[in-house]
1. Using helices alone, what [θ] at 222 nm do you get for chain B, with -39,500 (n - 2.57) per DSSP H run of 4 or more residues, divided over all residues and rounded to the nearest 500?
2. Could you pull out the pairs from A:LYS99/A:LYS222; A:LYS130/A:LYS158; A:LYS222/A:LYS378; A:LYS99/A:LYS158; A:LYS11/A:LYS81; A:LYS484/A:LYS504 whose alpha carbons sit more than 24 Å apart here?
3. Given labels modelled 7 Å from the Cα in the Cβ direction, how far is it in nm from B:ASP5 to A:HIS143?
4. Taking the number of other C-beta atoms within 10 Å as the exposure measure, put A:ASP454, A:ASP685, A:ASP179 in order starting with the fewest.
5. Search the structure for amide H atoms under 5 Å from the amide H of A:ASN123, placed 1.01 Å from N in the peptide plane, and list their residues when 5 or more places away or on another chain.
6. Please say if the range A:376-486 is rounded, prolate or oblate, where rounded means a/c under 1.5 for a ≥ b ≥ c the square roots of the C-alpha gyration tensor eigenvalues, and otherwise the choice is prolate for a/b larger than b/c and oblate otherwise?
7. Using Cβ contacts closer than 10 Å as the measure, can you line up A:ARG427, A:ARG282 from fewest to most?
8. Return the FRET efficiency for the residue pair A:ASP279, A:ASP464: r is the Cβ-Cβ distance, R0 is 45 Å, and the value is rounded to the nearest 0.05.
Amino acid sequence: MSPDPDFTGVKRPEFDTMATKHATAAGQLADLAVRLHGELSAAGLDVTPATGIRDLARQAETQAADLKRRQRLVSELDRLKVVFGTTTAKGTYLPIPDKLETGQAMLDGATAADAAIAAYRNNPAGADPKQLQIVQAYAAKVHDPAFARAFMSRLGAKGIVELANAVSLRVASFQRTGDYEEARQAANQGQHVLRITSTMLAAVTDPASPAYLGASFLQQLKAAGRTPRSDLSVAQGRPTGYHALADVLGAHPGKPPYSAEFMRTVGRDMIALDREVWDARRSGEATKAMADMRTFVPDLLRAAASSPAAAQAILDHTPEGRKGTNLHYLLHDRVGWWTDNPNSSTDGRDGRAFAAVMKAAMTGSDPVSLRLTAETFKILGADLPALYARNANEKLQLTDQNAFDQRAALRPALGSILAAHIHEVGRIVDGRNVLRSGVGADLRAQSVNQRDLDYALLFATSDDAAFSEIVRAQAEHTRVEIDKIFPLKDKGQTLDDPISRESKTFGHIVGAREQALYAMGRANEAASKELESMVKSAIGIVPVPGKEFAGKLAEQAFKGMKLEAFAKEVAGGVGGQPGSYAFDKGAAWIAQLFKSGKTLDESHATATENRQLISRLMEQMVATAAVAHGQHDGEGLAGRSFIDKKGEMKPVLEMTPSEYEDFLNWTTFHSGFSGLKIKGQDLVDSGAAEARRSFGITD
Amino acid sequence: MPDPDRAAAQAAVARIQRLSDEHWWTLHQVCLLMRSETWVGPAGRRFGDEVHAAERRLRDLLAEAVTDARQKLSTAPGRP
């Protein structure tokens, strides 16, 4: 058998002999060149052969220097047992990388790993700071696959656990003796080493990474994680290896992300162990060690949040022999973990970690994201109603503040999830069965219904930012839906469907928000201006063309009206980047409108009800869309503030707020839709009423 | 009687021939080690190719020097 064509390596001691021989040969050739030159020139002969040999001597010198560097590297890699001989029919080879730098990285990785090992072996009471310092010195190399592979394969799965344990022991021992400054320094140093370790661990456990160490390493991590502390070399420490591994996971800087493969093997096993402990504690069978266990799950979640696939691998799984998914376990059984209130002992980090995992797992448009979203709505639809009650004024009242606080940190993520699936939200409002959890007795139990959705909205919209995000998503969805119906053939009929659907969805959102404010004791805001200004700031700028819309408006709005130059400018882009002009300028323009603090439209400012605002928004969207599609009479433009001296329309994105308002007003009267009676307002009301019915409130 | 110039030229040929003989095998051992695959992989292969080419070139140059010297001797005056 000859070595694999990709195999690179050397035979020892032949390689050493060769390095020595070639150095000697180089010297002999140099000497030859000089002597031959002397003979040839003395004999009056052409000296070309001598100069040719001089060139050969120089080449051999360069080669000999390279061989010498390699030889030194080979002997170090061999001595430190970073590489081991492998026997083939052609002899025994040491596998040595082709590139010198790779070999050097391997050597560095091994040296750093030896320091890490020494750090936990030298001092049973905690990690040795001098050895940790050596590890820290290699921080810049952690993204080098050869370094990471060498470091991790040498430290080993068990070594990772021992190192993390030793780091935490050192901090704890300073804390016990009251040396808080020392404890702080030890924690900082330890955190840096754990971050380094975590970066490399993510790489070597990712099958897509060149640093991947194979499936067996993941199995070794599981074994090390399940190892009880009595079997670890340190006498004290955390109950299991997973507790120490969690420190490494919790220190993850986010890049490279932990792979779905890591979460499928190690991550799921961690949750499985946690669920075993939870069972034992609930049935009173927990050992002392179990009862003392602080959970490692939040740290795992911090690492799982770094990619959608990793987050989904954790949540979208039911351990063997169990009924509930991990999502159900985390969002229902262990909901107490996520508590974030001023009196809680946690600082809200854990809740934010779970929220980040939910957001990563559920804001995509893939089937797993949709399934998890459905299950989340079903869980909340079952759990949330108990938190609220109807009061004498037919308003919702929060009756279980503690249960609310447990979930409060999840609201921003829930807002993003609702916004990401705003299309499905509208379909459910429309009575369609479009989100199915896949868990539950029958189709009915699996399907997200309007009531589930309204509770999700009620809970999410109690957070101002989440409310704003949902309203924006719904406004954007409306704009797209309205734009889709052009060009119109039958004005009356075609417009009805999208407008009624979108209006009703708006109704559910603002209806839920209103009750959310009542429930939180913000009744004054719910009843007055606050709600309006929230809607205003969220949707007041929506008829503003987005990237695509601005382009279309420019291309079509005033066809044949000397606006070609303007059209090209906005739609064609600048510097060969189509559309980027409109997009970038648009963002800046919108930001400026926000800054000016003015609402765009007089009727926005005077609207006293959400439904009026939304209705006005609908009209403007329809009118702007109509103009964008060239459906306007083209009259009444003279003297308008948005028309310049040459009679051309100013670029939309360069209009001032008042010019834009003037433009909107013009579109309303000249788009051919001025007479159109949009029924949006009634439908917003009916949507809000539907939401109130979901909450058991009568009008 | 022998021409002193010619004798000198003959001695030069001999010295050049000796240099050639002495260095004919200078790169041979390394070539042999590479032929028995002491170092495998792309960098090793490159080195093997280079050192074999260098050996051929070295021998060509040595042969050229010897031939040049002999030729000069044969065209030199005072031929017997």
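1. For chain B, the value works out to -27000 deg cm²/dmol.
2. On the way: A:LYS99/A:LYS222 34 Å; A:LYS130/A:LYS158 21 Å; A:LYS222/A:LYS378 32 Å; A:LYS99/A:LYS158 30 Å; A:LYS11/A:LYS81 15 Å; A:LYS484/A:LYS504 18 Å.
Listed pairs above 24 Å: A:LYS99/A:LYS222; A:LYS222/A:LYS378; A:LYS99/A:LYS158.
3. Simple spin-label model gives 7.4 nm for this pair.
4. The order, fewest Cβ neighbours first, is A:ASP179, A:ASP685, A:ASP454.
5. HN-HN under 5 Å from A:ASN123: A:ASP128.
6. It comes out oblate by the Cα gyration axes.
7. Details: A:ARG427 17, A:ARG282 10.
Ascending number of Cβ neighbours within 10 Å: A:ARG282, A:ARG427.
8. Efficiency computed from Cβ-Cβ geometry: 0.70.
Each reported figure results from applying straightforward, stated rules to the coordinates on display, with no laboratory input. Predicted model only: the values in this text are computed from it and were never measured. Because the Cβ atoms are built from the backbone with ideal geometry, glycine has one as well, and the counts that use them run over all protein chains shown.
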